[in-house]
């Protein structure tokens, strides 16, 4: 179950901020929910340390129920324990930032890989 609670906007590009509620405990469970329940969307799923709203690990880019790009350590990031989820988007694009309790235990991601997964830059 994914539930959106308005937290700001709309902004100039018609996007809105949301706090997200979910039954998922782990990042991989949330990704599976997004792919199933929000199959009309596209965007990115990123992780951040508790207290930050800016993702420093980009786990994957998804589009219409499928993962289109994913991090090298995708499986390792999937075991992140969800603390809270923030989203920003509108129309059909939705980007998720998941704060995880065990962030410091997860593999670090280079800036180059972040950009490749998030934007598709090689």
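What the table below lists for this structure:
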item	result
Candidate set: region 96-116, residues that are touching a helix residue (DSSP H, G or I) at 6+ places or on another chain (Cβ under 9 Å) and closer than 23 Å to residue 18 by Cβ; chosen: the one surrounded by the fewest Cβ atoms within 10 Å (Cβ to Cβ)	100
Residue within region 102-116 that is touching a strand residue (DSSP E or B) at 6+ places or on another chain (Cβ under 6 Å), in a strand (DSSP E or B) and closer than 28 Å to residue 8 by Cβ present	no
Filter result for residue 50 (modelled with pLDDT under 95, in contact with a helix residue (DSSP H, G or I) (Cβ under 8 Å, 6 or more places away or on another chain) and within 24 Å of residue 105 (Cα to Cα))	yes
Those residues of region 26-38 which are surrounded by fewer than 20 Cβ atoms within 10 Å (Cβ to Cβ) and either in a strand (DSSP E or B) or touching a strand residue (DSSP E or B) at 6+ places or on another chain (Cβ under 6 Å) (or both), in sequence order	26, 33, 37
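This table checks each residue for (1) within 12 Å of the chain's Cα centre (by Cα); (2) outside any strand (DSSP E or B); (3) surrounded by fewer than 20 Cβ atoms within 10 Å (Cβ to Cβ).
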| position | (1), (2), (3) |
| --- | --- |
| 40 | no, yes, yes |
| 47 | yes, no, no |
| 54 | yes, yes, yes |
| 61 | yes, no, no |
| 76 | no, yes, yes |
| 84 | yes, no, yes |
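The values are calculated or read from the model by the stated rules, or taken from the named source; none is laboratory data. All figures in this text were calculated on a predicted structure; none of them were measured in a lab. Cβ sites come from the backbone with ideal geometry, for glycine too, and all protein chains shown count toward neighbours.
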